[in-house]
Amino acid sequence: MKLFTRCFFLLTVLGLPLGPVLAKIVNVTIGNNFYSPAEVTIDPGDQINFVWQAGVHPTVSDSPTPLWQSFTLSASTPARLLPAFNTPGSFPYHCSAHGSPGNGMNGIIVVRQGTVTSTTNPALAAALNVYPNPSRGQITVQLTQKPGVDYTFRLSNIIGQQLRVIALKPELTSAGLLVDLSDLRTGMYFYSLLADGKVVATKRLVLQN
C-alpha cells in the first residue's frame with residue numbers, strides 16, 4: 001500500500017469520532033424551587049443534562065410539541081440526559097409542581113443559529129436594555145451600538161413565530177425606543193438582538209395584564 005493511501009486511510013479513521021467530540025453536554029441543576037442556570041445557550045448538536053440536587057420537581061417541556069415526557073429526578077435517579085438539540089430556537093420548560101410557563105420555577109434552553117463565532121465577535125458586541133420586564137404592553141429598547149453594524153430587534157412567541165422586526169437606528173435607541181406590544185396576549189415571549197443579520201443575544205420577555 002502506498003504511503004499516501006496509508007495516510008489517507010489513517011486520517012479517515014481518526015476523523016470518524018470528531019462529530020461527537022465537538023458536541024458539548026451542559027449540566028442544569030434541579031434544586032429546591034430553582035433550575036441553575038435557568039437560561040442556557042447552546043450550539044446545535046449540544047445536549048442538556050439535568051442533575052438532581054434536592055426536592056421533587058416534575059420537569060415539563062413547554063414546546064407546542066413537547067421535546068420530552070415529564071420526568072422527576074431523585075436520589076435514586078439523579079440525572080436525565082436529553083437528546084441533542086439540532087434545531088435553532090428557544091425551548092422553555094417549567095416545574096409543574098412549583099411553576100408554570102414563564103413563571104415560578106422555570107427555565108429556557110436557547111439553541112444558537114449557526115456557530116458560536118457570531119456571538120463572541122467583539123465587533124458585534126452591544127449593550128441592549130429592554131425594560132420594564134415584566135411589561136404591561138409598553139417596552140423601551142435601549143442600545144449602545146458599535147459603529148458600522150446594523151442592529152435589529154426581533155420579538156417571537158414561544159413557538160418561534162416572529163411578531164416584530166424593528167431596525168434599531170442609533171438616533172432612536174440611544175435615548176430609548178418605545179415599542180407598543182399592547183396588542184399581544186399576556187404570556188412569555190423572546191426577544192433577540194441581531195447584528196448584521198446574525199443573532200447575538202436572546203432573552204425572555206413577560207407580558208402581563
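Based on the inverse mean of 1/r over its pairs of different Cα atoms, what is the Kirkwood hydrodynamic radius of the stretch 117-207, in Å?
13.3
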Please give the contour-minus-distance gain from residue 150 to residue 182: 0.36 nm per residue of separation, less the Cα-Cα distance, rounded to one decimal in nm. 8.9 nm
Sorted by chain and number, the residues with a modelled amide H under 5 Å from that of residue 205, at a separation of 5 or more or across chains, are 189, 190, 191
Using amide H atoms built 1.01 Å from N in the peptide plane, name the residues 5+ places from residue 35, or on other chains, whose amide H lies under 5 Å from its own. 106
Rank-order 94-103, 132-141 by packing density, defined as the average count of other C-beta atoms within 10 Å over each peptide's residues, highest first. 94-103, 132-141
Pop out the ³J(HN,Hα) list for the stretch 101-106 in order, Karplus 6.51 cos²θ - 1.76 cosθ + 1.60 with θ = phi - 60°, rounded to Hz; leave Gly and Pro as x. x, x, 9, x, 7, 8
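Each reported figure results from applying straightforward, stated rules to the coordinates on display, with no laboratory input. Note that this is a predicted model, so its numbers are computed, not measured. Virtual Cβ from ideal backbone geometry, glycine too; neighbours counted across all protein chains shown.
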